[in-house]
Structure formats: C-alpha cells, structure tokens
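Inspection log for the structure reproduced underneath, given as structure tokens.
The values are calculated or read from the model by the stated rules, or taken from the named source; none is laboratory data. Bear in mind that the values here come from a model prediction, so they are computed numbers and not experimental data. Here the Cβ positions follow ideal geometry from the backbone for every residue, glycine too, while neighbour counts run over all protein chains shown. Quick note on the areas: whole protein, heavy atoms, side chains included, nothing else; ligands and nucleic acids left out. Shrake-Rupley method; radii C 1.70, N 1.55, O 1.52, S 1.80 Å.
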Amino acid sequence: MLSSELSAVSSGLNHWIEVDLGALESNVQALRQAVQPSGLIGVVKANAYGHGAHTALALQGMGLEGLAVAWVSEAVALRRAGVTCRVLAMEHVTQAEVAAVVRDEIEVCCHSLALGKLLALRAQQSGGSVRVHIKVDTGLHRFGLSVNEAVVLAEALRLLPGIEVVGLWTHMANADEPDDSFSDAQNAVFAAAVEALPWIPFRHVANSATGLRRSAMRYEGVRVGVSLYGVVPDNTPDPGVRPVLSLRARVARVVQLQRGEGVSYGLEWRADGPSEAGLIPVGYADGWRRSLGNRGEVLIHGQRVPMIGRVCMDQFLVDVTGMGVVEGDVVTLLGSDGDETMSAAEIAGLTGTIPWETLATLGRRLPRLYLREGVVEAVEPPL
Ligand SMILES: *Cc1c(COP(=O)(O)O)cnc(C)c1O
C-alpha cells in the first residue's frame, strides 16, 4: 500500500498526514479546464484546509492566478514560508496590520477610506503601491459594502497614489443548494457594482460550487477551496478531482481482553468474549472528533474496523479481534487502503458537520508528508 520510501519515512511515526501533490496538480488541471477561460484563485486559508503550508508552495507554478487566505496573519505566514506569488487576504484588515500588508506585498480587501489612506501612506513611504480589492455585500451579510458604498469607496481609492484597485468581488450564501434563486439575486446586485465600476479589471464571486455550477458567475476568477483538495460540494458536478489528503497512524499496542472487560474512559464498550483491541495514536486534539467514539470506523489490512469506546485527546481504540493485527501496522483514518476508502464526507456525516470542517480542523501536531509519485518531497515540520 505505501511506497517503499514512504514506509521507510513513516516507520518511525505514530501518525501522519500524506498530501499527494500529484493529485493536487491533477485537480488544478481539472478545475482550470472546467472554468476556463476564467482563472483560478487557490484558497489556502486554515493551513490549506489542514493540508499544511507546503501545499501553498506546491501550488505556485501550477498555473493559478494567485492564492487567497482569510487573514493578513495567514498571508504573512505564507511569505515567511517562501510563497512569492500573489496572495489575497480576503477578510477584515486591522490598522495594526497595514505595515505588514505593505512590507509583504499582500493584496487586501479595503473596506474603508480610513484604511485606504493608511495603506496609501505606508505604500508611498516605501516607494511602492498596495493592490486592493473591494467586496460587495450582496446578501451573505458577512464582510463587504453595499453597492453604493463600494462605488463611492472605489472611486475615492482610485485617486489615492499608492493604491491600485485591482479587484471587485462578493461571496455566495447558497452556492451548493439546488435552488439557485438567491445566487441569481446576489449576482444581480453584484452586476450593478460591475456596471458602475467597469474599470476594475478582476472580478471574482464564485467558490468551488458556484464556479463549477454557474458559468455566468465565473468572471475573471473562481476562488477554489474544497474542490482543489478533491472534495466536490453537494449538487455540484465533479470535474474529475480526487482527494489529496490521507490521515494514517500505526497501531501503538494490541491489548487482549477477557469477556466483560472495558476500554477507554467510562468503560462504555465492553468485550462480549475474548477480544483484541488496537490502540490508535490519534485523538480529538488532532481533529478526530470525540463524537466518533463507538461509531466511526478506520481501515486496517484493507478492511473496515469499528472504533470502540470513547475517543481520548490523543488516542482511541478499535476492535481488531482475530485480524492478526500487530503493533506498527498501518491504520488509515482518511484515504484508501486496498479497495476500501474513508472519505472526509463520510466522517463529516458521522460527526454532524461538513468536509470543510473535517479537513480544516486536522491538528497541527500531525506531521505532513508531501508526496509526488510515492516520493517524499517535503516534511512539515521537519522530522
Ligand atoms: C473559503 C472561501 C472560499 C472557498 O470556498 P470552497 O467552498 O472551499 O471552494 C471562497 N471564497 C471565500 C470568501 C471563502 O471564505
């Protein structure tokens, strides 16, 4: 199942995440094909949906227009990691972040003239300019301005030396719902802003679902997040993407149980006969949710194996009775083993959430191994 090099690198690890850069690249190509001639903005917020910072480095050179994160602090971290392409911080910028925005050449969403003036001043002091995007609140009522406010601000910013208004954008509320009427209403509001601000060159409104479903809403760029990582939103055609991430561990111990003995906190699960329990070194602190206790499954030896007892902060148990499982055997929590696959969508379904959350909450203490055709290209953090 694992390449020989991956077996060697992972032999000393209790747990790890594999990021398949070949799958990532093929997803980029499938998405480019699906939305062309529009471009792609790769959304790498939240540690690249749990895939780790090297993901952003790898995405450079795959033909994206640029990358997007939520916060300036995330954009600064990308620069520190060596990312040199265009990076947009999509959400609220504080005045204290202005210096970092200019220093690290981060594109930001400018929401007020006061912020624009600070950005312009700082940019002029350093002899450069700042690229800003204007966000229109078309109905999600998260971040953004009304059309009138957006027009007034954009025209004022246009006159400030040191500021380049490069983008106009919005975000959809019901992108992956079967009924498109609210998306249509949002796009109609956005179209009024586009009409009033024809000089802004780059318009972007679509996330994965809108971009794949609605050709009229692709404009110059589509902000692809979850689909980049191989997850297709509900009610959305699959452009041919595949999962990029696998979560694996090695069995830390196999314990023999007598009938009636229990496992984990509260001893909620008890053996109904002589049994073997495997200890899996991943817990809720790693994003493996406590609500999976006594409900979830993992893959061992290519078979589905039930989780037993409560999930602890750092580990949980599975029933491996009669399977010949020994310490060090590979466990797949997300990904494929033989003919079986555990998807982020299945785990999300069991835990009452969505694949976005399942991926984005995978813990930072799990090492990420970046693979290309079975060869480990990078490890984060370094082993
Ligand atoms: C997270 C996010 C995206 C990406 O959404 P996906 O559904 O993961 O493709 C796009 N735009 C904004 C504003 C976001 O916050």
Review point. Of the heavy-atom accessible surface of the chain (probe 1.4 angstrom), what whole percent is carbon and sulfur?
Key: 50 percent
Revision key, fill the gap. Taking a ≥ b ≥ c as the square roots of the eigenvalues of the Cα gyration tensor, with a/c under 1.5 meaning rounded and otherwise prolate when a/b exceeds b/c and oblate if not, the range 27-152 is oblate
**Study point:** Neighbourhood net charge (12 Å Cβ-Cβ; Lys/Arg +1, Asp/Glu -1) for residue 340
**Key:** -3
Review point. Any idea what the relative contact order of the chain is, in percent, if you count C-alpha pairs under 8 Å spaced at least 6 apart?
Key: 18 percent
Practice item. Using label points projected 7 Å from each Cα along Cα→Cβ, tell me how many nm separate residue 181 and residue 234, to one decimal. Key: 1.8 nm
Practice item. Taking H placed 1.01 Å from N in the peptide plane, check which residues at least 5 places from residue 90 or on another chain put their amide H under 5 Å from its amide H. Key: 69, 70, 71
Practice item. In whole angstrom, note down how far apart the Cα centers of the range 314-344 and the range 1-54 are. Key: 21 Å
**Study point:** Accessible surface ranking that places the most exposed of 380, 91 first, with a 1.4 angstrom probe
**Key:** 380, 91
Review point. Quick one: which of 356-363, 232-239 comes out on top by average Cβ neighbours within 10 Å, and what's the full order, highest first?
Key: 356-363, 232-239
Check your understanding: So how strong a dipole does the chain carry about its Cα centre when Lys and Arg Cβ are +1 and Asp and Glu Cβ are -1, to the nearest 20 debye?
Key -> 900 debye
Check your understanding: In nm, to one decimal, how far is the residue 353 label point from the residue 326 one, both placed 7 Å along Cα→Cβ?
Key -> 3.7 nm
Study note, to complete from the structure: Contour minus Cα-Cα span, residue 341 to residue 112, at 0.36 nm per residue, comes to 77.7 nm
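At a 10 angstrom cut-off on C-beta neighbours, averaged per residue, how do the peptides 254-266, 40-52 rank from highest to lowest? Could the numbers behind the result be given before it?
Working: 254-266: 14.2, 40-52: 25.4.
Result, highest mean first: 40-52, 254-266.
Helix-only estimate, please: 222 nm mean residue ellipticity of the chain, summing -39500 (n - 2.57) across DSSP H runs of length 4 or more and dividing by its residues, to the nearest 500.
Calculated from helices alone, the mean residue ellipticity at 222 nm is -8000 deg cm²/dmol.
Do me a favour and compute the ellipsoid semi-axes for the chain from its Cα gyration tensor, root of five times each eigenvalue, largest one first, whole Å.
That gives 44, 21, 18 Å for the three semi-axes.
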Exercise for review: Taking the Cα centre of the range 85-238 as origin, sum charge times position over the Cβ atoms of Lys and Arg (+1) and Asp and Glu (-1), and report the length of that vector in debye to the nearest 20.
Suggested key: 540 debye
Check your understanding: Does the range 159-235 classify as rounded, prolate or oblate by the C-alpha gyration tensor (a ≥ b ≥ c root eigenvalues; a/c under 1.5 gives rounded; else a/b over b/c gives prolate, otherwise oblate)?
Key -> oblate
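Counting Lys +1, Arg +1, Asp -1, Glu -1, what net charge surrounds residue 377 among other residues with beta carbon under 13 Å of its beta carbon? Write out the running numbers ahead of the final one.
Numbers: positive: 368, 372; negative: 5, 18, 20, 25, 373, 380.
After counting each charged neighbour, the total is -4.
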**Study point:** Proximal charge balance of residue 185 [Cβ under 15 Å; K/R count +1, D/E count -1]
**Key:** -4
Check your understanding: Taking the simple approach of a point 7 Å from Cα along Cα-to-Cβ for both residue 143 and residue 33, what is their distance in nm?
Key -> 3.3 nm
Review point. Accessible area per residue, 1.4 Å probe, Å², for the chain: what's the number?
Key: 42 Å²
Revision key, fill the gap. Charge dipole of the range 89-161 built from unit charges on the beta carbon (Lys, Arg +1; Asp, Glu -1), centred at mean Cα; most positive-end Cα among 157, 111, 94 is 157
**Study point:** Three-way shape label, the range 253-332, alpha-carbon gyration tensor, a/c 1.5
**Key:** oblate
Point to revise | Pairwise centroid distance, computed over Cα atoms, of the range 273-307 with the range 202-221, Å | key: 39 Å
